[in-house]
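First comes the structure, then the notes that go with it.
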Amino acid sequence: MLDDFESASPSAQEAGGESLTVEEAIANLRHEDLSLRYYAAWWIGRFGVREPEAIDALLDLLQEHGDRTEAGGYPLQRNAARALGKVGDDRAVPALIDCLDSPDYYVREAAAEGLERLGDPEAIPALLKLLDGGVEAAVRVPGKPHLNQPYDTIIEALGSLKATEATEAIAPFLNHSFERVHYSAARAMYQLTGDPAYGDRLVEALRGSKLQLRRSALIDLGAIGYLPAAPAIAQTLAENSIKLISLKGIVEHHLDSPEADKPPALSEAAIDTLYLMDSLL
């Protein structure tokens, strides 16, 4: 995912719009003006506001049906689901699981992403259920740019949640016609099995012709901490900023590994990765 926000003090920051205090943002979550509620939900997620009043209001927004697009989507629910994943309160887990049944594709996507962030294995059965029907059921919605389910986000969540029981369901998606989906499957399969063949699939994707897909593969490699990919990452035709994010993820994963020394010691390959990062600055 490219949605990688840095932490900041919410009372002193401007975030692409009106500057708010925590108190104002929480109050605006219940404002009659839907646009203020929408912005407040984004702002609270952006700055990780964890006050109980904010969580309660965001949970209430998940039940909001008054803000509906012409296509039938629920923007307020989407923003609330994203915010609940970012603020990291476990009270959101049951509500986000319920959102996986939403008629709005983007609410389901935001809920799956939020559940991945929260890291609660309670979400695994509901996420796994969305893979019912396998690749044959994973078809494009007529007139839309996406499939009938947010398969990439669902599969990534299952990988991050270490849902080893999902490997049989995920493996067929390695051959899905949507590149983004089979990248997500390779990412998850590496996380669930440790087999370097899946990391190598993502390295191969770095040579693809489409920039957006190369960016996705970079982020996936950083997320799984695939250290052998570091030289290929540095040479990828993409922005240095994204390559640095990917390499940073690899180094952090190496340092957090259960096999790492305490205090951690950098391997020669990790040191080489730091030099690659330095060359991109």
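Do you know which residues across segment 246-269 are modelled with pLDDT of 95 or more and surrounded by fewer than 19 Cβ atoms within 10 Å (Cβ to Cβ)?
K248, the sole residue that qualifies.
Checking E116 against (1) over 28 Å from A83 (Cα atoms); (2) part of a helix (DSSP H, G or I): exactly one of these is not met. Which one?
Single failed check for E116: (1).
Kindly evaluate D220 against the criterion of being charged (D, E, K, R), part of a helix (DSSP H, G or I) and over 30 Å from P125 (Cβ atoms).
So D220 does not fit the description; no.
Enumerate the pairs (first residue in segment 97-123 and in contact (Cβ under 8 Å) with a residue 24 or more places away in the chain; second residue anywhere and aromatic (F, W, Y)) with beta-carbon separation below 7 Å, excluding pairs fewer than 6 apart on the same chain, so at least 6 apart or on different chains.
Note: pairs meeting the criteria are D104/Y74; V107/Y74.
With respect to L36, determine if the residue is among the hydrophobic types (A, V, I, L, M, F, W, C) and more than 24 Å from the chain's Cα centre (by Cα).
Spelling it out, L36 is indeed among the hydrophobic types (A, V, I, L, M, F, W, C) and more than 24 Å from the chain's Cα centre (by Cα).
If a residue must be surrounded by 19 or more Cβ atoms within 10 Å (Cβ to Cβ) and part of a loop (DSSP other than H, G, I, E, B), how many such residues does segment 119-137 contain?
Going through segment 119-137 one residue at a time, the tally reaches 2.
Could you tell me which numbered condition R82 fails, if it satisfies all but one of (1) under 17 Å from D104 (Cα atoms); (2) at pLDDT below 95?
Every listed condition holds for R82 apart from (2).
Report, by residue number, each residue of segment 24-43 that is in contact with a Pro (Cβ under 8 Å, 6 or more places away or on another chain) and either open to solvent by less than 50 Å² (accessible area, probe 1.4 Å) or in contact (Cβ under 8 Å) with a residue 60 or more places away in the chain (or both).
A25, W43
How about segment 223-242: which of its residues are part of a helix (DSSP H, G or I) and either farther than 17 Å from V181 by Cβ or without any contact (Cβ under 8 Å) to a residue 12 or more places away in the chain (or both)?
Of everything in segment 223-242, those that are part of a helix (DSSP H, G or I) and either farther than 17 Å from V181 by Cβ or without any contact (Cβ under 8 Å) to a residue 12 or more places away in the chain (or both) turn out to be L227, P228, A229, A230, P231, A232, I233, A234, Q235, N240, S241, I242.
Please pick out the residue among E53, E24 that is at pLDDT 95 or above, among the acidic types (D, E) and touching a helix residue (DSSP H, G or I) at 6+ places or on another chain (Cβ under 7 Å).
The match here is E53.
Take segment 70-106 and flag every residue that is touching a helix residue (DSSP H, G or I) at 6+ places or on another chain (Cβ under 7 Å), in a helix (DSSP H, G or I) and not hydrophobic (A, V, I, L, M, F, W, C).
Once the filter is applied, which keeps residues that are touching a helix residue (DSSP H, G or I) at 6+ places or on another chain (Cβ under 7 Å), in a helix (DSSP H, G or I) and not hydrophobic (A, V, I, L, M, F, W, C), segment 70-106 yields P75, Q77, R78, N79, R82, G85, K86, Y106.
The values are calculated or read from the model by the stated rules, or taken from the named source; none is laboratory data. Model, not experiment: these values are computed from the prediction. Every residue, glycine as well, gets a Cβ built from its backbone with ideal geometry; the counts of neighbours run over all protein chains shown. When the accessible area is computed, the model is the full protein with side chains, heavy atoms only, and any ligands, DNA or RNA have been set aside. Shrake-Rupley method; radii C 1.70, N 1.55, O 1.52, S 1.80 Å.
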